[in-house]
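Working notes, structure below.
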Amino acid sequence: MIQFSDLVSFSSLMSTLGTATIVILAGLGCLMTEQAGMMNIGLDGMITASAFAAGVVSWLTGSWILGLLAGLLTGLLLGLFYAVMVVPLKSDEFVIGVTLNLFLVALSTFLYRNLPPAADGLHLDMGSGMAIPSISFGGNAGAAVSVSILVPVSLALVAVCQAFLYSTRHGFWLRAAGEKPESLRSVGRSPDRMKLVASLLCGAFCGLSGAYLLNYVHSFTEGISGSRGYVAVACVIFGRSNPLLVTCAALFFGLVDTVSTRLQVAGVVDSTLTAAFPYVGTILMMLVLAIRNEYRKAGQAKSALERQEAVK
Amino acid sequence: MKWRERGIYMLSLLISILLGLGVGALLMLATGHDPIAGYRAMIEGALGDKWAPDTILRNSGLGNTLYRASLLMITGLATAVASDAGLFNVGGQGQMLLGALVAAFLGAQMTTLLPFTAGWPVWLITAVCLIAAVLAGMIFALIPALMKIKLNISEVVTTILLNSVALYFCTYMANGPLKAPGKGSQTAVILGDLNFTRFFTPSNLSQAVFIVAGITLLVWYIMNRSSWGYEMRMTGQNSRFAKFSGLKDGKLAVAGMLISGAMCGAVGMLEVFGWKHRYGVDLSTDFYWDGMLVAMIMRYKPLGIILMSFFFGILKAGAIKIQSSAGIPIEIIQVIQSIIIFFMAAEQGLIQRFQVWRARRHPRREEVKRA
Amino acid sequence: MAEPIVSFSHISMQFPGVLANDDVSLDIMPGEVFALVGENGAGKSTLMNILFGINTPSSGTLTVRGQTMKSLTSAQAIGMGIGMVHQHFMLVPSFSVAQNIVLGDEPRWGPFCRLRKAVSITEQLVAEYGLQVPAAEPVRNLSVGQQQRVEILKTLHRGADILILDEPTAVLTPQETDELFEVIRRVVRERGMTVIIITHKLGEVMAISDRVGVMRRGRLEGVYQTSEVNERILASLMVGRDVLLEPLTRKRAAADEIAISVRDLWAENNRGLPAVRGMSLDVRRGEIVGIAGVEGNGQSELAEAITGMRPILGGDVTVFGRSVRGMRPGEIRSLGLSHVPEDRLSTGVSPQADITDNLIIGKERRKPYALLGIHRRKRRAKQYAAGLAESFDIRSGGLDTAVGSLSGGNMQKVVLAREFSFDTGALVIAQPTRGVDIGAMDFIHQHIMDKRNEGCAILLISADLDELFRLSDRMLTIYEGQVTGEFDPATATREEVGSCMMGAVRETKPEAPEPVWENGTEPRSVPAPDDTPEESDQPEGGEGDPCGKKKHKKSKKDRKHKKPDKDKKHKKSEKDEKPGKKKDKKHKKSDKDKKHKKSDKDKKSGKKKDKKHKKSDREKNRRKSDKDKKPGKTGNGERGDEA
């Protein structure tokens, strides 16, 4: 018998945070490029590749820090690749994004298969090295809940991104690069450079996400990212590229995910159907937001008129 | 003028392919495999093994290639149709799955359970299933199309999300309500009569290829020769202009998306009837991405899509042989494909830079070409 | 002789396929106002973009303040005190005015930006230069004139003392233009700034510049002292031939059948604000009704509402008697109303499609071009297109060239060819010659006149007063969504029309009695109680053409009067000046009516003289104050032209 407290409890919230962090980090990266005027949907690929790199390095060196750095570096390189393809070489962002997804997943899997198998003939458990420390909370009845330190780190990063975009010069330039690149050129700054920065940031965030993902699921598999990248994209669209809103969207998504998992565990609803809930929820949310926007536009116009009159 | 453009384009295509194969070779070397053996295995797998014991096996590779090519062709064209009308259909996977599910279910039911249909001729049942699949795909494509037209919600995002929804839904159905008793996640098997005959068995090529050809021709006709296609294209290029000129731009854009969805639904049905004979969770629809990318790099031109599909079909069909004969993981093919796509995607930009560089070095006194 | 502050030396700029600047050598003197004129595509903006570091020249050198270089970056240009205000503003809409002004160089505290400091900097600048803008307001809420001021402040903030203005008045009202010129004069006089103004409005050149350089097809044709040239000379230099737009023959008067009827129309603009506020007008068959107004006063929305591109919120529009409320453009076209849209690139053509596709649209399902409405007969379509291209002189590299690569003039001809060939009885034509070179412009005018003579009803909306004067049978001025005046182009003056375009409202008065003129050459209006001083300041003695000179003097006087009145509400000053003019207007109008009614042959001979005089006035007015000549580039992103 399911109790509400099973669904919404401290542990479930922590679990939500845990899974949502993957999306939050990827989402932060995606919104950076979106603010700079590019839509990078190659997040899945970047996450997977970073996870793979993190796994390899952490397995080789036994250090999770190095693994994390490897993930970051991979992400940065991929961000660079994306920026070069899209900005100077004028490729279509969408094509590059999708192809990156296919390419990186395939490449990672290819390399993974080529790694020497472990002693028992099975493939390597790459996640073993990625033991990012976590914080434990003593829960009810001795059921301790632990959450990786990356979780509060990511939340802090959300605040950092918010401050960056709306209070710092470089943040302004990045937004200007996306909203009106000519404005930067007219003052002697380069929008292309800001786009590069945005893409690098995206890569870095995805790198972080990938490393954390490996830690979260403990071992690398082919479908490790599980289309979370696309979910991050959806979150960015809801949150209108605003870090706080995007995080809220990601949390909502995670919450639905958690609730449905709990329901599934309790045998209430079939697993696969509940797995679809978040996606359906996402679409419904988009619908609601869009409809609300239509109504809001009318109101804005009225106040714009008043403001214009006052300004004259 | 145009020939020169085309010439440059063909050249870049060739270079991309060579580069892709080259990088693939490098990767193979780097991981300790023999690229020559690898590519030979691929070609054998794709075009037939000369030393196979009998004719059938010899041609099975070709059969597979044609089969793969036909799938890519149709998904590529589906992408092109939608794109021509101004919408990106990224949801082909979902539409395919639904089409497959519906077709499999109906196919099985109509022959076994529903008494009044039991006696119907094969072709009729097949047609009904095809239509049902097409409808399923269309309805599923209608949702994102309407959301885009009415509320300007990005169809890219909605279709991607709906893919997952479709996947989960179909899996659920296959495991639950529509589950065939006694079998794993799948629906009931369609009776033998209904299955398409195979050519070049054990290849996957079947009569489905005729349907594919038919659909291709039909779509080509619609897009190139019919007023409807012309109007859709105009809508896709400039919807404001289309509306201004009296075209019902919203309806046309949605129509384009629906055709795309219909095609994908059909593909789902073909997969079931031609190959798997039932809907199962192992139904792979990932080739939709490849078809989509083929369409993109061939700039949505039907002829180019068809040709490139053959080439990619060779790659794909040979992939399995690469793994089985040469021991190279099949993902290498995806890697090679992606590299080709990267180069083609950057082609425009690279050529532009090249032109600018060349013009800088030799400023010519060209007459301003304006009136 | 002073050293030039900026010097172009054998500058050439090669773009793929076109040589935009061809061996240009030009010196700019410090402290002068230099006008750079030329048609669209002449290379003016390209040249200045080189100075501002946006373009790197293919050859030649640039010398700024004694430093010679092959090219520079925008950052370097700014460092050297060069500032540029572009045609299309480069402001971030969601940022505030202050943010935009300090963009790139924000006052900071570590990595953070001190927005309050930015606001105070802005307010300082506003006080210093007298350019009013609200510092904290997001730029997207500002009017176009205000946005331009922000752009100028942006350059001033960076210490620019070489100011480049690219087609600055294209988007300004006449009053804002005057204000801008005041600012220019002030900064030149008080701060010794050098101003380079790119324009093709010859009247402005004459009004504001010290020297003028003429560019044509990438070459610098010559540099002149403004005092030594006039508009006619400049125009002929610009096109390489004597451009005299001859008046077009008007066959027969307008019929009585009303083709387009607008009653109390209300429509919104894209931001939800009312743009058309209760307009009413009629267009009859065989007449051209011109709508004169500065962009942004509702004309675009008017055209769109009539043609179904914009919802009608109030009032009604009938085309040949049928109401078109709620109809789609296609339906309205089948009622008999075609539309040449204002923005050809976004609405008039599909740039990616070829000429044939662009010409056949709307007819693609009809008989000879499609079987059963489905199967396209491409060959027939191509033949049709070829015929149209021939008769409309559409020059291109072939019928299958993409329309987007055509020049502005040719693209416009494609639109015209298509819309005219629907054989509708009514046409709405908006900004037909914007961004179009003079040769094509004349051609297009001729076609419009032909259509009128065939009996078509035409509503012509244009920001080019010359065009309106040339083509219209009747002119209406529009201001803030309302009709502010109705004029007869044969007798109206540009000043009258201009003032109504700026908001003065012409009240209709009853018919005045036949007036008597003072000088003996023409009858003059009976002095009214509120007669303004200018009326009595008529020149004594006939110096050749007293009527013409009178007009000339009057216009100068008007200007003088307008300037101090600027501080008061401009509507009020307009009202003071109106009565005198109105009387002139009244009598001219009654003349015209009489002419129409074909009465009194005696009066007619007198009228003929009047008409002749008035015509030459109009020509003089047209050439003198070319203030309202068609703007070159607008904010509509037309890629076909390069200024």
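The values are calculated or read from the model by the stated rules, or taken from the named source; none is laboratory data. Everything quoted here is computed from the prediction, not taken from an experiment. Positions of Cβ are backbone-derived with ideal geometry, glycine not excepted, and every protein chain shown enters the neighbour counts.
Considering only residues of segment C:13-43 that are within 14 Å of another protein chain (Cβ to nearest Cβ) and touching a Leu at 6+ places or on another chain (Cβ under 7 Å), which is modelled with the lowest pLDDT? Walk me through it before giving the result.
So the first thing to find is which residues in segment C:13-43 are within 14 Å of another protein chain (Cβ to nearest Cβ), and the list is C:13-24, C:38-43.
Still in the list and also touching a Leu at 6+ places or on another chain (Cβ under 7 Å): C:21, C:24.
Numbers: C:Asn21: 85, C:Val24: 90.
Across segment C:13-43, the extreme among qualifying residues is C:Asn21.
Scan segment C:98-114 for residues that are in contact with a Ser or Thr (Cβ under 6 Å, 6 or more places away or on another chain) and under 17 Å from C:Gln146 (Cα atoms) and report the count.
Final tally of qualifying residues: 2.
Would you pick out the residues in segment B:304-332 that are within 8 Å of chain A (Cβ to nearest Cβ) and closer than 12 Å to B:Tyr39 by Cα?
Within segment B:304-332, just B:Ile332 meets the criteria.
Got a sec? Which strands (runs of 3 or more DSSP E) wholly within segment C:46-106 have at least 1 residues that are at positive phi and touching a helix residue (DSSP H, G or I) at 6+ places or on another chain (Cβ under 9 Å)?
Numbers: elements: C:59-64, C:67-69, C:82-85.
Where strands (runs of 3 or more DSSP E) fall fully within segment C:46-106 and carry at least 1 residues being at positive phi and touching a helix residue (DSSP H, G or I) at 6+ places or on another chain (Cβ under 9 Å), they are C:59-64.
Just the residues that are touching a helix residue (DSSP H, G or I) at 6+ places or on another chain (Cβ under 7 Å), surrounded by fewer than 21 Cβ atoms within 10 Å (Cβ to Cβ) and charged (D, E, K, R), please, taken from segment C:182-210.
C:Asp210
Can you confirm whether segment A:265-273 contains a residue that is at pLDDT below 70, in contact with a Pro (Cβ under 6 Å, 6 or more places away or on another chain) and hydrophobic (A, V, I, L, M, F, W, C)?
Among the residues of segment A:265-273, not one is at pLDDT below 70, in contact with a Pro (Cβ under 6 Å, 6 or more places away or on another chain) and hydrophobic (A, V, I, L, M, F, W, C), which makes the answer no.
Here are C:Gly104, C:Gly53: which of them is facing another protein chain (nearest Cβ under 7 Å) and in contact with a Gly (Cβ under 8 Å, 6 or more places away or on another chain)?
C:Gly104 is the lone residue from the list that is facing another protein chain (nearest Cβ under 7 Å) and in contact with a Gly (Cβ under 8 Å, 6 or more places away or on another chain).
For a quick check of your reading of the model, give me the residue pairs whose first member lies in segment C:67-79 and is within 14 Å of chain A (Cβ to nearest Cβ), whose second is surrounded by 15 or more Cβ atoms within 10 Å (Cβ to Cβ) and aromatic (Phe, Trp, Tyr), with beta-carbon atoms closer than 6 Å and at least 6 apart or on different chains.
Qualifying pairs under 6 Å: C:Ala77/C:Phe52.
Could you tell me which residue of segment C:402-411 is farthest from the other protein chains (Cβ to nearest Cβ), considering only residues that are part of a helix (DSSP H, G or I) and under 15 Å from C:Met441 (Cβ atoms)?
Going through the qualifying residues, I end up with C:Met411.
Given the residues C:Pro134, C:Pro168, C:Pro174, which is the only one that is within 14 Å of chain A (Cβ to nearest Cβ) and of a type outside the set (A, V, I, L, M)?
Exactly one of C:Pro134, C:Pro168, C:Pro174 is within 14 Å of chain A (Cβ to nearest Cβ) and of a type outside the set (A, V, I, L, M), namely C:Pro134.
Out of everything in segment A:170-225 that is within 14 Å of chain C (Cβ to nearest Cβ) and among the acidic types (Asp, Glu), what residue ends up being farthest from A:Gly42 (Cα to Cα)?
Out of the qualifying residues, it is A:Glu182.
Which condition from (1) within 26 Å of C:Met309 (Cβ to Cβ); (2) more than 9 Å from chain B (Cβ to nearest Cβ); (3) crowded, with 16+ Cβ neighbours inside 10 Å; (4) modelled with pLDDT under 90 is the one that C:Leu399 breaks?
(1)
This table checks each residue for (1) of a type outside the set (Val, Ile, Thr); (2) without any contact (Cβ under 8 Å) to a residue 24 or more places away in the chain; (3) crowded, with 24+ Cβ neighbours inside 10 Å.
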| position | (1), (2), (3) |
| --- | --- |
| A:Thr221 | no, yes, no |
| A:Val231 | no, no, yes |
| A:Ala234 | yes, no, yes |
| A:Pro243 | yes, no, yes |
| A:Ala250 | yes, no, yes |
| A:Val256 | no, no, no |
| A:Arg262 | yes, no, no |
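Filter segment B:210-258 down to the residues that are under 19 Å from the mean Cα position of the chain (by Cα), among the β-branched types (Val, Ile, Thr) and more than 10 Å from chain C (Cβ to nearest Cβ) and list them by number.
Correct list: B:Ile211, B:Val212, B:Ile215, B:Thr216, B:Val219.
Output the residues belonging to segment A:177-192 that are within 23 Å of the chain's Cα centre (by Cα) and either under 24 Å from C:Ala77 (Cβ atoms) or aliphatic (A, V, I, L, M) (or both).
A:Ala177, A:Glu179, listed by residue number.
Mind checking which pairs have a first residue in segment C:93-122 that is free of Cβ contacts under 8 Å to residues at least 40 places away in the same chain and a second that is in a loop (DSSP other than H, G, I, E, B) and aliphatic (A, V, I, L, M), Cβ under 7 Å, 6 or more apart or different chains?
Hits for this filter: C:Ala98/C:Ala135; C:Ala98/C:Ala136; C:Gly104/A:Val187; C:Ala118/C:Val102; C:Val119/C:Ala135; C:Val119/C:Ala136; C:Ile121/C:Val102; C:Thr122/C:Ala135.
Among (1) surrounded by fewer than 18 Cβ atoms within 10 Å (Cβ to Cβ); (2) within 21 Å of the chain's Cα centre (by Cα), where does C:Pro174 come up short?
(1)
Here are the criteria: (1) of a type in the set (S, T, N, Q); (2) facing chain B (nearest Cβ under 9 Å); (3) touching a residue at least 24 places away in the same chain (Cβ under 8 Å). Tell me which single one C:Ser334 does not satisfy.
(3)
Please work out which residue is farthest from the other protein chains (Cβ to nearest Cβ), limiting yourself to segment A:74-114 and to residues that are under 19 Å from B:Ile340 (Cβ atoms) and outside any helix (DSSP H, G or I).
A:Asp92
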